[in-house]
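One structure is given below, encoded as structure tokens.
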Amino acid sequence: MIWEELQTDLEKIERDGLKRRRRTLESPCGPMARVDGRDFVSFCSNDYLGLANDPALIAAARDGAERWGVGSGASHLVSGHLAPHEILEQRLAAFVGAPAALLMTTGYMANIGIVPALVGRDDAVFADKLNHASLIDAVQLSRAHSQRYPHADVAALERLLANSTAKRKLILTDAVFSMDGDVAPLPQLFELAERYDAWLVVDDAHGFGVLGPQGRGSLAHFGIPVSERVVYMGTLGKAAGASGAFVAGSETVVEWLLQRARSYIFTTGSSPLIACALLASLDLIEQGDARRTQLVELAAQLRDGLAGSRWQLMPSPTAIQPIVVGDNHDTLRVASALYERGLWVPAIRPPTVPKGTSRLRVSLSAAHSTAQVAQLIDALHDLA
């Protein structure tokens, strides 16, 4: 029976140490999490600036619900594009220095909308091998010829571009890689896009709000303009503390995506109260230098505290601080031991990361204290 095959496959996932389990939080997103009646210091969330439960966002969402209701009622192109959506798009475009922006429901939906709208069968996509799953799926949906280059290997990418005879070319990359925490060589990628007349599509899910002046993102961090050649995607459920995503670019590109991105056209518009909350979030991001400084200091504390220990920290300058363990079962055992000590650190295993590189993904937040990071350091030393 076909359903019996599923059960067999699930049992294999369990044996391989790859089974995923959900835990239900009994508290709002924050540095402390309550699960099954116990309190934990959480190093799990991507709430990098600590805005997910900020009173200013809560108040803006409450006021937005009273003024605009809860649901949008339709897709943006029918009747689901409300004034808060329009204002937010204008603010986001101005914030990242782009002529225009398009609000999307999630980062995943943004990515699977962007790539198939820009390239197709006679075209080629050149993608970093460690790109997020949404970018991998986007390439498959586009039906373009996929060429993957070794992670951050600019020389390999240039060879692929030079040998390509595709009608259109598109370079596709994460800005901050979500499981390694490192930053893509964006200046070199931009230069190659210029030289070989290619699109440069940048997924800045983990850089928006954190990197660049006033948190304006990874492109701003390197001084790269959002030009006709660049398509910039930022998510709004991580550092921005709410949910959703946006695509920024030239007016022509944004209008094309509005007309052709299926994941935008054929879905109900996001809640207007979320747009209201995000308008408040943008103010806090712009004024959030102290929060970003706190993130940098906490990352330095963690790295200094584990220096010389058995724990192998990957070279990350961001809030994502991965500790490579290697074996799936060993990684689960360490994560479980930390959990017993009241520290919640997720175990990341294949296929999210390459085989043999299972790791603890420590996600820092400006809402964490130095005492909480010290508690994690002490526990890891004990377990070493």
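The values are calculated or read from the model by the stated rules, or taken from the named source; none is laboratory data. Owing to the predicted nature of the structure, the values given are computational and were not obtained by experimental measurement. No Cβ is skipped: glycine too gets one built from the backbone with ideal geometry, and neighbour counts run over all protein chains shown.
General remarks:
- Some residue of segment 183-200 being surrounded by fewer than 18 Cβ atoms within 10 Å (Cβ to Cβ), over 14 Å from the mean Cα position of the chain (by Cα) and among the aromatic types (F, W, Y): yes
- Search result, residues across segment 48-67 that are of a type outside the set (A, V, I, L, M) and within 24 Å of the chain's Cα centre (by Cα): Y48, G50, N53, D54, P55
- Qualifying residue in segment 105-114 (condition: of a type in the set (S, T, N, Q), surrounded by fewer than 20 Cβ atoms within 10 Å (Cβ to Cβ) and free of Cβ contacts under 8 Å to residues at least 12 places away in the same chain): no
Matching residues to (1) touching a residue at least 12 places away in the same chain (Cβ under 8 Å); (2) under 22 Å from S134 (Cβ atoms); (3) of a type in the set (S, T, Y):
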{"position": "Y196", "(1), (2), (3)": "yes, no, yes"}
{"position": "G209", "(1), (2), (3)": "yes, yes, no"}
{"position": "V231", "(1), (2), (3)": "yes, yes, no"}
{"position": "A248", "(1), (2), (3)": "yes, yes, no"}
{"position": "R262", "(1), (2), (3)": "yes, yes, no"}
{"position": "A280", "(1), (2), (3)": "yes, no, no"}
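- Candidates R359, R310 - the one that is part of a loop (DSSP other than H, G, I, E, B) and either basic (K, R) or surrounded by fewer than 17 Cβ atoms within 10 Å (Cβ to Cβ) (or both): R310
- Selection from segment 219-261 of residues that are modelled with pLDDT under 95 and crowded, with 23+ Cβ neighbours inside 10 Å: V226
- The numbered conditions (1) out of contact with any helix residue (DSSP H, G or I) (no Cβ under 6 Å at 6 or more places or on another chain); (2) under 25 Å from N53 (Cα atoms); (3) assigned to a strand (DSSP E or B) are all true for Y339 except (3).
- Elements of type strands (runs of 3 or more DSSP E) contained in segment 115-217, each with 3 or more residues being under 30 Å from G288 (Cβ atoms) and modelled with pLDDT of 95 or more: 169-174, 199-203
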